Structures are given as C-alpha cells and as structure tokens.
Amino acid sequence: MVNMVKKKREVDAPESPLKVLRRKVQLTQEQLAKLLGVSTRAVQAWEGGEYQPSLTIPQIKALCRALNCSLEDLPDEFGTPKRSPEEET
C-alpha cells in the first residue's frame with residue numbers, strides 16, 4: 001500500500017517561487033534547463049536556494065518567454081523562502 005501521509009516538513013515547506021512559475025506553465029526542470037541552455041542541476045539548485053542564477057540577457061528573455069511572464073513578474077529570489085526560527089517550532 002502506498003504511504004499517503006507526507007512528512008510534516010514536506011507539507012509545511014514553502015515552495016520556490018521559480019518552481020511555482022515553472023509548474024504553472026507545466027514545464028519540468030529538464031525542459032526549462034534545455035530552453036535556457038543550462039543544466040538540470042542548475043535549475044534544481046536555483047529552486048533549492050543553493051545559489052542564484054547568473055543569466056545572460058538572452059537567457060533572461062528565454063526565461064520570461066518560457067514562464068510566460070514579464071521581467072517584473074520574475075521573483076527576486078528563485079529559491080525556497082527561508083523559514084524564520086519561529087516557524088521551525
């Protein structure tokens with residue numbers, strides 16, 4: 001039987017703004033990476049908050065086209081929002 005109960009951390013964890021935008025247009029990490037000319041691992045790292053992307057202007061334009069959004073609609077931080085100590089308890 002498949003375990004239908006998710007861990008509390010998985011359920012409560014906020015999602016990456018980039019992941020939300022990517023899922024809205026039904027792209028996988030691999031598809032987005034291919035459109036931008038980067039590795040899938042890079043997209044994973046951005047969504048995980050490991051580091052911010054260093055994109056060229058053509059890549060930023062491609063990102064906006066892929067996510068169907070304007071430059072102003074892109075989040076300032078792509079990674080999962082950091083939780084405050086109060087939220088951890």
Filter the helices (runs of 4 or more DSSP H) completely within region 1-40 down to those with at least 1 residues that are open to solvent by 80 Å² or more (accessible area, probe 1.4 Å), closer than 14 Å to Cys69 by Cβ and at pLDDT 95 or above. 17-24, 29-36
Just need a number here: residues in region 55-80 that are hydroxyl-bearing (Ser, Thr, Tyr) and over 12 Å from the mean Cα position of the chain (by Cα). 2
Where the second residue is not in a helix (DSSP H, G or I) and the first is of a type in the set (Asp, Glu) and lies in region 31-58, which pairs have Cβ atoms under 6 Å and are six or more apart or on separate chains? Glu47/Ser16
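The values are calculated or read from the model by the stated rules, or taken from the named source; none is laboratory data. What you see is a predicted model, and the numbers here were worked out from it, not measured in a lab. Glycine gets a Cβ as well: all are built from the backbone with ideal geometry, and neighbour counts include every protein chain shown. Heads up: the accessible areas ignore ligands, DNA and RNA and are worked out on the full protein's heavy atoms, side chains in. Shrake-Rupley method; radii C 1.70, N 1.55, O 1.52, S 1.80 Å.
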